[in-house]
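Read the structure below first, then the notes.
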Amino acid sequence: MAAFDPNIPLGARPAPPRETIVEFENVTKRYSGKEILAGVNLQIRRGEILCVLGPSGTGKSVTLRHINGLTHPDEGDVRVFGESVVGLSEEELSPIRRRLAMLFQGGALFDSMTVEENVAFPLQEHTTKSPREIAETVAEKLSMVGLPGTQRKMPSELSGGMRKRVALARSIALEPEIILYDEPTTGLDPLTSEKIGHLIVDINKRIRTTSVVVTHDIVMARTVSDRLAFLHQGRFQFIGTFSEASRGGHPVLMEYFRSMGFPCGTGLVQTVKDL
Amino acid sequence: MSAPQGQFTGPQPSATAIFYRNIRWLRFVDRFGRKGSAAMDYLGGLAELAWETIRACVSRPFYASEVMTQLDEIGVKSLSITGITAFSTGMVLALQTAYALAAFGGKMFVGRVVALSLLRELGPVLTALMVGGRVGSGITAELGSMKVTEQVDALRSMAISPVRRLVVPRVLATVLMLPVLTALADVLGILGGLLIAVVELQMTAQDYLTSIWNQLAISDIMSGLSKTFFFGFEIAVIGCFNGMRVEGGASAVGVATTRTVVLASICVLVSDFFLTKLFLAL
């Protein structure tokens, strides 16, 4: 792993360009009569890392799944690369999905395949690369996530953190324009979580992608996010930078920060090392 | 709550009693309706998957290596159970026929009865039931656990159709292998009958085999084998559908697996009747 230095304050990173790459417009989603998303509006800009925060069960993952069309809204519109993905069939979604990648909560590696076959899978499906080129790309992506030489292993032989990193290698194999992370640190120890956080920032810079990170891990949100969006009661109650949020973004968000043992509302912005 | 109890007020039940009785009726109708609509949803989904599978079978992309893997998994690995089933059924058939026909001195018909019952009915149906149990449940369990661990969603998110990648190879492999398994089962069943005929009934192998050979029509073999294509399709599509619609965790996979075995068996037996009727009419 290279390039990421947690000592550089977040504000020192160059501001991302302003082009909107994903847009939610009044998105409503109900599950068995219960409204999970109640008119969500959100704009995601090209190149940024946006963290979607919120308590469990508020529909963070559902929001994420709207972006690549795994879930369709009951009302409202979702536009990706300026094109609406609502109501598209699986085949029509294909060209958009090829430009996106998603990291699933448990990694979702194909357990009948080796690590190498898993990472090679999208390359074999969507490129005309030769087996040698594919093997090279696989090796490169695996070392990018800090797991060089694990090609022959089966997913069942890997720890939870390693599985997520292999899944991350698979997600970046096609160098997607947007990466969707679904709870990338849930169930991992703090050290591994931190490593994953650094990877997200590192990858975002190296292959110039836009990242949407769904999490309830505030430390992680603070490490990686350019902006964060707080989802509560079916709506985004706060969208802004982390320091804006800790300076007093929204009462429920404050409460949420405090419940996670995160001092806020004092104007005091801490660094990761102090936590 | 129940209708008010009280003194006898004549033959007319009170308004309250009628009200509650109607509510009970409505609840019954409501529950019945819900069940019915859930069943319709299920059948609709099943038909949709069947149609999508057929469409995906005749268009690109096509995963030939996956089909090969499944041919091995579904076909070759089912050989032992279908073989044993057929062999012992053949033996039992020979014993029972000899017992039933002994009074009429009909021992020479044993071969014919065994062969006809096996080729026309028991071979295809028993093989389909065994494969339905082994392969159908296996498919549901595998796809179901892929579904709950988000591997199916992972495929979709990578712009790869789960129907093409997961369903089509399994359906094709089952449709192709079931007739092969049935043909082998037919042969083994007849051999089972032969064993009994020779050892228990003191017939010669030649008598047994010529009695079969002389009476057998090609339509006997074909009507049995052509059913198995339909059986194979039913088993695999039901297995895949139940696997793909699993929601929740490990227990849901178990429930879906049971449902596959039950439904696949029923479908095989019911469609067997209609297919037999159809082939007899042709």
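Just so it is clear, none of the values below were taken in a lab; they were calculated from the coordinates. Bear in mind the structure is a predicted one, so any value in this text is a computation, not a measurement. Cβ: placed from backbone, ideal geometry, glycine included. Neighbour counts: every protein chain shown.
Model label points for B:ASP72 and B:SER145, set 7 angstrom from Cα along the Cα-to-Cβ axis, are 1.9 nm apart. Considering only beta bridges that DSSP places wholly inside the protein assembly as shown, some 55 percent are antiparallel.
Could you compute the FRET efficiency for B:ALA250 and B:ALA64, with r as their C-beta to C-beta distance and R0 at 30 Å, rounded to 0.05? List each step's numbers first, then the result.
On the way: r = 32 Å, r/R0 = 1.08.
Efficiency, rounded to the nearest 0.05: 0.40.
Proximity of backbone amide H atoms, modeled 1.01 Å from N, is registered between A:LEU103 and A:LEU180, A:TYR181, A:ASP182 at under 5 Å, excluding neighbours fewer than 5 places apart on the same chain. Basic side chains Lys and Arg get +1 at the Cβ, acidic Asp and Glu get -1 at the Cβ, and with that the dipole of chain B about its Cα centre reaches some 800 debye.
How far apart, in nanometres, would the label points at A:GLU255 and B:ILE266 be if each is projected 7 angstrom from Cα along the Cα-to-Cβ direction? Calculated label separation equals 4.9 nm.
Within the range A:46-71, what residues put their amide N at less than 11 Å from the label point 7 Å along the Cα-to-Cβ vector of A:SER84? Backbone N within reach: none found. In this simple spin-label approximation, A:GLU125 and A:GLU35 carry label points 7 Å from Cα along the Cα→Cβ vector, and these lie 3.6 nm apart. Using a cut-off of 19 Å between Cα atoms, the listed pairs A:LYS60/A:LYS205; B:LYS107/B:LYS227; A:LYS60/A:LYS195; A:LYS141/A:LYS164 include A:LYS60/A:LYS205; B:LYS107/B:LYS227; A:LYS60/A:LYS195 as exceeding that distance. Think of the protein assembly as shown as a dipole: +1 on every Lys or Arg Cβ, -1 on every Asp or Glu Cβ, centred on the Cα centre; then among B:ALA50, B:GLN70, B:VAL175, B:ALA50 lies furthest on the positive end. Considering only A:TYR31, B:LEU126, B:GLY192, the residue lying farthest towards the positive end of the dipole of the protein assembly as shown is A:TYR31, judged by Cα position with unit charges set on Cβ.
Semi-axes of the equivalent ellipsoid for the protein assembly as shown, please: Cα gyration tensor eigenvalues, times 5, square-rooted, ordered largest first, whole Å. It would help to have the intermediate numbers written out before the result.
Details: eigenvalues 671, 235, 72 Å².
They are 58, 34, 19 Å, listed from largest to smallest.
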